[in-house]
Amino acid sequence: MDYLYVEINPYEVDPRLPGGYTKKQLPLEVKKAMYPDFVACSPRGLVPAVDKAGEKVWESLHVVQYIDEAFDQPPYFLPRNDPLKRAHVRIWSDFVTEKMQKSFYMLLMDQDPGSQAKARENFFQECRTFARAMSKDGPYFLGENISMVDIALAPFWQRFLWIGGHYRGLEMPKDEDFQRLRRWWEAVSARPAFRATLVCQDRLVSSYGQYSRHWAHDIS
């Protein structure tokens, strides 16, 4: 599939910080002035977005579903001919966003040690709930085949390990649920498409410094 990748920076730049990285979103009007084509594609100014000959789609999981259906070729991120399994893929993709990601950011942004301990346990519990919904038969969420659930979680699991480890000393437990997640991570992180998009660890850690001090303005 041929495509053109256009990179933008939706955040403010602060030269006083390492690399200038911040997590403060540029105002939408500023984004319109700097990146008019992008905002025409993504009305809220959030990444990512795609434009296929005038067909515009934005928001991460909506983009994944659109690509899966518009190009209709394997690997299929939503199972074909199985409405129930497709529904479960959507349900657990939302769980990644609404439960796992948010509980991690609560841990990262909380400044009180006691509250951090509670947030850590809540994050672990959300991970265990997810692990118990995973197939027992293969490395991915559904088993042998990758799906949108894996795509939703993979870049954030990288952040859980690197960012959580650096700023909150986060270490994943070694119980059966986390062994299942570890097996999943070994499989998904070995995929060439995932490895090609890995962010430099130092840059990623630096860019999340403001979250760890509760300076960032959004957790989307």
Item to check | Checking Gln65 against (1) in contact with a strand residue (DSSP E or B) (Cβ under 7 Å, 6 or more places away or on another chain); (2) in contact (Cβ under 8 Å) with a residue 24 or more places away in the chain; (3) buried (at least 18 other Cβ atoms within 10 Å of the Cβ), the condition it does not meet | outcome: (1)
Checklist outcome for this item: Residue hits (the stretch 48-62; small (Gly, Ala, Ser) and surrounded by fewer than 15 Cβ atoms within 10 Å (Cβ to Cβ)) are Ala53, Gly54
Next on the checklist: I need every pair where a residue in the stretch 154-171 that is of a type in the set (Ser, Thr, Tyr) has its Cβ under 7 Å from the Cβ of a residue that is surrounded by 17 or more Cβ atoms within 10 Å (Cβ to Cβ) and modelled with pLDDT of 95 or more, sequence separation at least 6 or different chains.
Outcome noted: Tyr167/Leu108
Next on the checklist: So, Ala133, is that one assigned by TED's automatic domain parsing to the domain that holds Ala152, surrounded by fewer than 16 Cβ atoms within 10 Å (Cβ to Cβ), in contact with a helix residue (DSSP H, G or I) (Cβ under 7 Å, 6 or more places away or on another chain) and not charged (D, E, K, R) or not?
Outcome noted: yes
Next on the checklist: Among (1) of a type outside the set (D, E, K, R); (2) free of Cβ contacts under 8 Å to residues at least 40 places away in the same chain; (3) buried (at least 18 other Cβ atoms within 10 Å of the Cβ); (4) touching a strand residue (DSSP E or B) at 6+ places or on another chain (Cβ under 7 Å), there is one condition Thr22 misses while meeting the rest; what is its number?
Outcome noted: (2)
Next on the checklist: Which of the numbered conditions does Asp2 fail, given that it passes all the others? Conditions: (1) surrounded by 16 or more Cβ atoms within 10 Å (Cβ to Cβ); (2) without any contact (Cβ under 8 Å) to a residue 24 or more places away in the chain; (3) within 30 Å of Cys200 (Cβ to Cβ).
Outcome noted: (1)
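Restrict the check to the stretch 14-37 and report whether at least one residue is farther than 27 Å from Val149 by Cα and of a type in the set (Val, Ile, Thr).
Within the stretch 14-37 (the criterion being farther than 27 Å from Val149 by Cα and of a type in the set (Val, Ile, Thr)), the answer is yes, since at least one residue qualifies.
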Next on the checklist: Out of Arg16, Arg44, I need the residue that is in contact (Cβ under 8 Å) with a residue 12 or more places away in the chain and among the basic types (Lys, Arg). Which one?
Outcome noted: Arg44
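Yes or no, residue by residue, for (1) loosely packed, with under 15 Cβ neighbours inside 10 Å; (2) in the same structural domain as Val47 (by TED's automatic domain parsing); (3) of a type in the set (A, V, I, L, M, F, W, C):
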site	(1), (2), (3)
Leu142	no, no, yes
Met148	no, no, yes
Gln158	no, no, no
Leu161	no, no, yes
Pro173	yes, no, no
Asp177	no, no, no
Arg180	no, no, no
Gln201	yes, no, no
Next on the checklist: Can you tell me which condition Gln73 does not meet? The list is (1) exposed (fewer than 14 other Cβ atoms within 10 Å of the Cβ); (2) in contact (Cβ under 8 Å) with a residue 12 or more places away in the chain, and all the others hold.
Outcome noted: (2)
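Given the structure, is Lys24 among the charged types (D, E, K, R), closer than 26 Å to Gln101 by Cβ, touching a His at 6+ places or on another chain (Cβ under 9 Å) and not assigned by TED's automatic domain parsing to the domain that holds Ile151?
For Lys24, the condition - among the charged types (D, E, K, R), closer than 26 Å to Gln101 by Cβ, touching a His at 6+ places or on another chain (Cβ under 9 Å) and not assigned by TED's automatic domain parsing to the domain that holds Ile151 - is met.
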Checklist entry - So, of the residues in the stretch 76-123 that are surrounded by 12 or more Cβ atoms within 10 Å (Cβ to Cβ) and of a type in the set (S, T, N, Q), which turns out to be nearest to Ser212 (Cα to Cα)? => result Gln116
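The values are calculated or read from the model by the stated rules, or taken from the named source; none is laboratory data. Owing to the predicted nature of the structure, the values given are computational and were not obtained by experimental measurement. No Cβ is skipped: glycine too gets one built from the backbone with ideal geometry, and neighbour counts run over all protein chains shown.
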